[in-house]
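Only the coordinates and a few stated rules stand behind these numbers; no lab work does. None of the values given here were measured: they were computed from a predicted structure. Counting neighbours? That spans all protein chains shown, and the Cβs are built from the backbone with ideal geometry, glycine included.
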Amino acid sequence: MKSAYAQYTIRCAEGGTLVDLYENRTEVADKPGLTATSESHSHKAVNSFRIVVQWLFFAWMIVIGIRFGLFINAIESGAAVSLTSRPPGVEGFLPSGALTSFKYLLLTGKIHPVHPAALIIFLTIVIMSLLTKKSFCSWLCPVGTISEAVHKLGRRLFGRNFRIWLWLDLLLRCVKYLLLLLFVVAILLIMSADKVSEFLDAPYWAVSDVKMLHFFTNMSGTTKVILGCFVVLSLFYKMFWCRYLCPYGALLGLTSMLSPFKIRRDAHGCTGCQRCSAVCPSRLEVHHSSTVGSPECTGCLTCVVNCPEKGVLAMKPSFRSRSLSVWAFPAVAIGIFMAGIIAGMVSGHWQTSLTRADYQRLVPIAHTLSH
Ligand code: SF4
Ligand code: SF4
């Protein structure tokens, strides 16, 4: 009788779908032949912790959205006071404006006062990726959270997730980098200093948060169809938006290559079971690599959590050879995010310079403003 892992390996070698065997996997301690060690309990806990962090962050985004909606609703209805103040966190949904703000910072050395939180959030996430890979994508990003939930739903509905042919997968993966290139060329390279100031001082940028809110609350038929297509594609293909289309993720992937933290595999203890590669949402060949340097690695730790061999696979910084607690990576990643936001708040670069009177003047004409 062959062991479970030998069977997995044979299926893979025969061109079978190793990943299917793991799609409805249970955690390490529940696998046949594996003993529930304190390490496996810790791994299981970190996996649950990631899901809790993702949904708490998602809930926080919903609260921010509702608060901003109430604020704008009060302005639109002509109320003298709002029930809530405007939450600056809403500016996290303005990444292209944040990139323009970043260019303004490079040109002038100053943070533009209209929507400064957009830049603070953008810089915080980029620094996060420079130090802890694309941890924002797998631990905090609300779109990533939804994508993960949808692909899990797809697996329940169809019993599996599907894989796009490798050649098409490679081609489609280029799309997000092309979109990123478009933004970088248009904003960082071509846009003149005068144009940058003109954009950031214009009423359009002032109400870009309002326009974003209206985008979600008054969705056009076309937008609904496009979003519906993404949801359907994500049901079939894991992380469709993140893997192929998100330019933000492309940027974070490139900067993450400089991160000292990387998934590292101890080839001596590795049995070659390929479980790490099979569960990797980014479809990386973890079992072949001594160090995973790919820009697609999100630092989700799914491979580490599912490796059955003690201490073989770990997310470790380059400057540390000894093993590190599985909790260290999320602690550093989340710590950087919180530190970035707090730094923005205490340095006075969080609240917009726009007053309530500015919103009262601009919100009624927001639909007429363009750039
Ligand atoms: S290599 Fe590991 S940490 Fe990186 S994306 Fe794959 S499963 Fe997640
Ligand atoms: S690193 Fe772990 S999960 Fe990956 S092939 Fe080796 S033993 Fe298996």
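Only Cα sites of segment 226-270 enter the Debye sum here, all with the same form factor; the resulting log10 I(q)/I(0) across q = 0.15, 0.27 1/Å is -0.60, -0.91, listed in q order.
Using a simple spin-label model with pseudo-atoms 7 Å out from Cα toward Cβ, Leu181 and Val81 lie 5.5 nm apart. Between Val232 and Leu153, the contour length at 0.36 nm per residue exceeds the alpha carbon distance by 27.4 nm.
Please label the shape of segment 135-268 as rounded, prolate or oblate, based on the square roots a ≥ b ≥ c of the eigenvalues of the alpha-carbon gyration tensor (a/c under 1.5 means rounded; beyond that, a/b larger than b/c means prolate, else oblate). The shape class here is oblate.
The overall shape of segment 150-190, judged from the alpha-carbon gyration tensor, is oblate: a/c is not under 1.5, and a/b is no greater than b/c.
May I ask you to derive the FRET efficiency for Ala331 and Leu166 from their Cβ-Cβ distance with R0 = 25 Å, giving the value to the nearest 0.05? Can you show the working numbers first?
Values: r = 36 Å, r/R0 = 1.44.
Efficiency at R0 = 25 Å is approximately 0.10.
Neighbour counting of Cβ atoms within 10 Å sorts the residues Phe57, Phe68, fewest neighbours leading, into Phe57, Phe68. For the chain, the Cα-based Rg and Dmax, in that order, read 22.6, 77 Å. Computed across segment 203-247, the Kirkwood radius stands at 12.2 Å (inverse of mean 1/r, all Cα pairs).
Order by neighbour count: Trp350, Trp165, fewest other Cβ atoms within 10 Å first, most last. Walk me through the numbers on the way to the answer.
Values: Trp350 18, Trp165 8.
Result, fewest neighbours first: Trp165, Trp350.
With 5 Å bins beginning at zero, the pair-distance distribution over Cα atoms of segment 206-290 amounts to 3, 11, 13, 14, 17, 13, 10, 7, 6, 4, 2, 0 %.
Classify segment 73-151 from the C-alpha gyration tensor, please: rounded if a/c falls under 1.5, else prolate or oblate depending on whether a/b exceeds b/c. Oblate is the answer for segment 73-151, as a/c is 1.5 or above yet b/c matches or exceeds a/b. Helix screen, the chain: DSSP H segments with Cα axial length of 15 Å or more and mean Kyte-Doolittle hydropathy at least -0.5 are 38-76, 95-108, 116-132, 142-158, 166-183, 221-236, 328-346. The spacing between segment 204-251 and segment 75-96, judged by their C-alpha centroids, is 21 Å.
Which whole number in µm²/s is D for segment 305-371 by Stokes-Einstein, with the Kirkwood Rh taken over Cα pairs at 20 °C and 1.002 mPa s?
Values: Rh = 16.8 Å.
For the chosen part, D equals 127 µm²/s.
Please arrange Lys110, Lys44, Lys133, Lys176 by how many other C-beta atoms lie within 10 Å of their C-beta, fewest to most. Before the final figure, lay out each step's value.
On the way: Lys110 9, Lys44 17, Lys133 32, Lys176 21.
Ascending number of Cβ neighbours within 10 Å: Lys110, Lys44, Lys176, Lys133.
Across every pair of non-identical alpha carbons in segment 249-312, the mean reciprocal distance, once inverted, gives a Kirkwood radius of 12.0 Å. The equivalent ellipsoid of segment 112-167 has semi-axes of 32, 14, 10 Å, largest first, where each one is the square root of 5 times an eigenvalue of the Cα gyration tensor.
Evaluating kT/(6 pi eta Rh) at 37 °C and 0.692 mPa s, with the Kirkwood radius of segment 218-371 over Cα pairs in the Stokes-Einstein relation, gives 171 µm² s⁻¹.
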